[in-house]
Amino acid sequence: MKPPSGAKSSSSAESPEATVHTDPTLAFDRAWANTLITHALRELEHEQSGTGRTALFGSLKEFLQRKAGPGEYDAIARTHGMTKGAVAAATHRLNRRFGELVRQNVRETVATPDLAEEELSYLFSTIGG
């Protein structure tokens, strides 16, 4: 994401991309989406620390945002005395719980529960997810 340019051009030939990046509503929605995600990540980290898995969470949290590359699970498995399959399963569980926490946070911000999925889809679209 590019940061907002700060000032709109007065030219009528302004590119759609420039308009998107200077739209204050979209900027607010992006910030709100990132706030919800950050809050869910902190909640997940707190849960993991409460169960004594702080170090493992530290190794796996980057996979909440991206897929693991070749050999990455092997290295984590060696570090934590686990198998590659156990690391993959732990990552899957973290991703599932992270999604639950994000959804829970969104449900707390909408008028009715049936609006939560629509709101979630919109917020993720604002950050390119």
Problem set entry | Nitroxide proxy distance, nm - points 7 Å out along Cα→Cβ at Thr25 and Asp74 | 5.1
Exercise. Compactness ratio of segment 20-129: Cα Rg over 2.2 N^0.38 Å, N = residue count?
Worked result: 1.23
Exercise. Between Glu118 and Glu62, how many nm apart are label points set 7 Å from Cα along the C-beta direction?
Worked result: 3.9
Exercise. Measuring from centroid to centroid over Cα atoms, what is the spacing of segment 103-128 and segment 32-49 in Å?
Worked result: 15
For this session: Mind checking the full-extension length gain between Ser125 and Ala89? Use 0.36 nm per residue of separation minus the Cα-Cα distance, one decimal, nm.
Result: 10.2 nm
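Quick note: the coordinates plus some simple rules give every number you see, no bench work behind them. Keep in mind the model is a prediction, meaning the values are calculated, not measured. Counting neighbours? That spans all protein chains shown, and the Cβs are built from the backbone with ideal geometry, glycine included.
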